[in-house]
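All remarks here apply to the structure that follows.
We did not get these values from a lab; they are worked out from the coordinates using the rules stated. These figures come from a predicted structure and were not determined experimentally. Methodologically, a virtual Cβ is constructed for each residue, glycine included, from the backbone with ideal geometry; neighbour enumeration extends over all protein chains shown.
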Amino acid sequence: MNATPEPDPFPLHPEAACNLIMKGGIASGVIYPRLISELARSYRFSAIGGTSAGAIAAAGAAVAELRRQRDHDTAGFEALTRLPEELAKPSGRGNVLLSL
């Protein structure tokens, strides 16, 4: 019996492109990684920017997109998907995010 392979959740060459600009704010910074990953399922990012927490998320998006285009590897977007859970893990000051 031939199993149909699972489609890649982050295609290597999405046809549609988009620009991504993100504003600052700690809540935004927690939401952005999953948003970026969701958009990466349909779009390749052309221009990426942001301010404050948005700039940090933009850096992650830029690295993940560069890795996808240059190395044909989507692990960067997979890591962004997991980032909110990593930041919420318990640490000495409540959670990892608060201990940064």
Subject >> Residues of segment 37-63 with amide N under 15 Å of the 7 Å Cα→Cβ point at Glu86 >> reply: 37, 56-63
Original post:
Gly50's amide H: which non-local residues (gap 5+, or another chain) put their own amide H closer than 5 Å, with H modeled 1.01 Å from N in plane and none for Pro or chain starts?
Top reply: Met22
Original post:
Hey, what angle do you get for helix 53-71 against the long axis of the chain, alpha-carbon based, 0 to 90 degrees rounded to 10?
Top reply: 30
**OP:** Using only the alpha carbon atoms of the chain, find the Kirkwood hydrodynamic radius as the inverse mean reciprocal pair distance, in angstroms to one decimal.
**Re:** 14.3
Subject >> Residue-averaged [θ]222 nm for the chain, counting only DSSP H segments that reach four residues, each worth -39500 (n - 2.57) >> reply: -16500 deg cm²/dmol
Subject >> Mean separation of Cα contacts under 8 Å (6+ apart) over length of the chain, as relative contact order % >> reply: 27
